[in-house]
Amino acid sequence: QLQLVESGGGLVQPGGSLRLSCAASGFTLEYYAIGWFRQAPGKEREGVACISNSGGSTNYADSVKGRFTISRDNAKNTVYLQMNSLKPEDTGVYYCAASGLRLCVLWMLSRYDYWGQGTQVTVSS
């Protein structure tokens, strides 16, 4: 079965760091752009970051620029989201998604072919 599996979430204090991983099974990530999204309790899902299939370009939501870094290792079939200087408002379920469009044009609104089940990130004292 074709799957995306997120891992690396957990509880962290404000100012702390986490690294999320998105691993693919059953398909090859090198042909897909990958987006990270999050959903806080009672709020709509929002885009966090996107990376093109080759890793040649990245995009970030204004709220995370300078704090989050998206990267990929196609040889490992894995995409990462390094999150630093975490704030309570970063709390939510984080999802990765794969787009066969390859690039991150209009990435927050684009249709994605595969979604992971999500990993919980909680930033709290």
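The values are calculated or read from the model by the stated rules, or taken from the named source; none is laboratory data. Just so we're clear, the structure is a prediction, and the values are computed from it rather than from any experiment. No Cβ is skipped: glycine too gets one built from the backbone with ideal geometry, and neighbour counts run over all protein chains shown. Keep in mind that these areas ignore ligands, DNA and RNA; they rest on the heavy atoms of the full protein, side chains included. Shrake-Rupley method; radii C 1.70, N 1.55, O 1.52, S 1.80 Å.
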Taking the Cα centre of the chain as origin, work out the dipole magnitude from +1 charges on Lys and Arg Cβ and -1 charges on Asp and Glu Cβ, in debye rounded to 20.
100
If amide H atoms are built 1.01 Å from N in the plane of the peptide, which residues on other chains or at least 5 residues away come under 5 Å of the amide H of residue 27?
3
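Å³ per residue of the Cα convex hull, for region 57-107?
105
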Of every Cα-Cα pair in the chain, the percent that sits beyond 25 Å:
16
In nm, spacing of pseudo-spin labels at residue 87 and residue 40 (7 Å Cα→C-beta vector):
0.9
Region 1-49 and region 73-120 have their Cα centres apart by a whole-number Å value of 4
Mind pulling the per residue volume of the convex hull built on the Cα atoms of region 78-125? Å³ is fine.
108
The chain - percent of accessible surface contributed by carbon and sulfur, probe 1.4 Å:
46
Determine the per residue accessible area of the chain with all protein chains present and a 1.4 angstrom probe, expressed in square angstrom.
53
Convert 4 °C to kelvin, take the viscosity as 1.567 mPa s, use the Kirkwood radius over C-alpha pairs of region 7-55 as Rh, and evaluate the Stokes-Einstein diffusion coefficient in µm²/s, rounded to a whole number.
99
